[in-house]
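First up is the structure itself, then whatever we jot down about it.
The values are calculated or read from the model by the stated rules, or taken from the named source; none is laboratory data. Small disclaimer: the values here were computed from a predicted structure and weren't measured. Note that each Cβ is placed from the backbone with ideal geometry, even for glycine, and that neighbours are counted across all protein chains shown. Each accessible area value is taken on the protein alone, full model and side chains, heavy atoms only, with ligands, DNA and RNA left out. Shrake-Rupley method; radii C 1.70, N 1.55, O 1.52, S 1.80 Å.
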Amino acid sequence: MTTATRSRTMLTLAEVCEELAVSRSTFYDWRAKRRAARCIKLPNGDLRIRRSDLEHWLDDREDAA
């Protein structure tokens, strides 16, 4: 997998928060309560979220109405 492809499949926390229209603190709160999408913690402490994990997480929260 090339770096360009990986960068499209791995989202930064800022990108996820922007897409979900939530603050960083809200995302961290969800994460502390184990309600957030699955994250990858990098050696420098930054978080990344796979696009597929975010999509799956959103699908799980879809209202069946």
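Worth pointing out:
- Filter result (in a helix (DSSP H, G or I) and loosely packed, with under 11 Cβ neighbours inside 10 Å) within the stretch 17-40: SER25, ALA32
- Contact map, the stretch 46-65: first residue more than 14 Å from CYS17 (Cα to Cα) and at pLDDT 95 or above, second residue open to solvent by 70 Å² or more (accessible area, probe 1.4 Å) and not in a helix (DSSP H, G or I), Cβ cut-off under 7 Å, separation 6 or more or different chains; pairs are ASP53/ARG38.
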